[in-house]
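Data block below; observations after.
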Amino acid sequence: MIGFKIDNGSPVPVYQQLKQSIVLDIMAGKLQHGDTLPSIRTLAKILKLNPNTVAKVYYNLEEEGFVEGKRGSGYRVKEQKGKLDKLKISIIEEELKSVVSRAFSLGFSRNEMQELFSRVVNNER
């Protein structure tokens, strides 16, 4: 079973948490083309959510092209080809922009940031 996680204490709405969890599992390869998602009722019961919330997530994922639904067969992960690579780059790029902005505000120079990035990438101390 897929390990979708919901944090009821999080300020992020449950709907967004579930959607992000599914998308992250697709991007990480835990869910691959053709894999079947749990039924709406099953997932709602497991996560103790309203079935309408799960249905909304599935419908939204279908609109965005991550899954496809077929009456009587449920929802399956759709092949993404280049879409996932672009999404992964976009996510990391946004996080890097935040880190770079924070580093500049702390007074780091470009050279210092490049050295630090190189150390982190190479797992050096």
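The values are calculated or read from the model by the stated rules, or taken from the named source; none is laboratory data. Since the model is a prediction, treat every value here as computed from it, not as a measurement. Quick reminder, even Gly has a Cβ in these numbers, built from the backbone with ideal geometry, and neighbours come from all protein chains shown.
Within the range 1-22, how many residues turn out to be touching a residue at least 12 places away in the same chain (Cβ under 8 Å) and farther than 26 Å from residue 89 by Cβ?
3
In the range 25-53, how many residues are over 25 Å from residue 88 (Cβ atoms), of a type in the set (A, V, I, L, M, F, W, C) and either in the same structural domain as residue 88 (by TED's automatic domain parsing) or assigned to a helix (DSSP H, G or I) (or both)? Let's see the steps before the verdict.
Looking only at the range 25-53, we keep the residues that are over 25 Å from residue 88 (Cβ atoms), and these are 39-42, 44-53.
This time we only want the ones that are of a type in the set (A, V, I, L, M, F, W, C), so: 40, 44, 46-47, 49.
Those left that are additionally either in the same structural domain as residue 88 (by TED's automatic domain parsing) or assigned to a helix (DSSP H, G or I) (or both): 40, 44, 46-47.
Residues flagged as over 25 Å from residue 88 (Cβ atoms), of a type in the set (A, V, I, L, M, F, W, C) and either in the same structural domain as residue 88 (by TED's automatic domain parsing) or assigned to a helix (DSSP H, G or I) (or both) within the range 25-53 amount to 4.
Could you please give the count of residues in the range 23-37 that are touching a residue at least 12 places away in the same chain (Cβ under 8 Å) and out of contact with any strand residue (DSSP E or B) (no Cβ under 8 Å at 6 or more places or on another chain)? Let's see the steps before the verdict.
Taking the range 23-37 first, the residues touching a residue at least 12 places away in the same chain (Cβ under 8 Å) are 23, 25-27, 30-37.
Checking the rest, the ones that are also out of contact with any strand residue (DSSP E or B) (no Cβ under 8 Å at 6 or more places or on another chain) come to 23, 25, 27, 30.
Adding up the residues that qualify gives 4.
For the range 81-96, check the following and say yes or no: at least one residue is under 30 Å from residue 116 (Cα atoms), among the acidic types (Asp, Glu), crowded, with 16+ Cβ neighbours inside 10 Å and under 17 Å from the mean Cα position of the chain (by Cα).
no
Of the residues that sit in the range 65-75 and are surrounded by 13 or more Cβ atoms within 10 Å (Cβ to Cβ) and over 14 Å from residue 39 (Cβ atoms), which one is nearest to the chain's Cα centre (by Cα)?
Filtering the range 65-75 down to residues surrounded by 13 or more Cβ atoms within 10 Å (Cβ to Cβ) leaves 66-69, 74-75.
Now restrict to residues that are over 14 Å from residue 39 (Cβ atoms): 66, 68.
Values: 66: 11, 68: 17 Å.
For the range 65-75, the residue satisfying everything is 66.
Okay, residues lined up against (1) at pLDDT below 90; (2) in a helix (DSSP H, G or I); (3) basic (Lys, Arg):
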| site | (1), (2), (3) |
| --- | --- |
| 79 | yes, no, no |
| 83 | yes, yes, yes |
| 87 | yes, yes, no |
| 90 | yes, yes, no |
| 93 | yes, yes, no |
| 98 | yes, yes, no |
| 108 | no, no, no |
| 117 | yes, yes, no |
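Residue 87: touching a residue at least 12 places away in the same chain (Cβ under 8 Å) and outside the structural domain of residue 27 (by TED's automatic domain parsing), yes or no?
On the way: touching a residue at least 12 places away in the same chain (Cβ under 8 Å): yes; outside the structural domain of residue 27 (by TED's automatic domain parsing): yes.
Criteria met by residue 87.
Restricting the search to the range 48-84, which residues are touching a Ser or Thr at 6+ places or on another chain (Cβ under 9 Å) and touching a residue at least 40 places away in the same chain (Cβ under 8 Å)?
Answer for the range 48-84, where residues must be touching a Ser or Thr at 6+ places or on another chain (Cβ under 9 Å) and touching a residue at least 40 places away in the same chain (Cβ under 8 Å): 76, 77.
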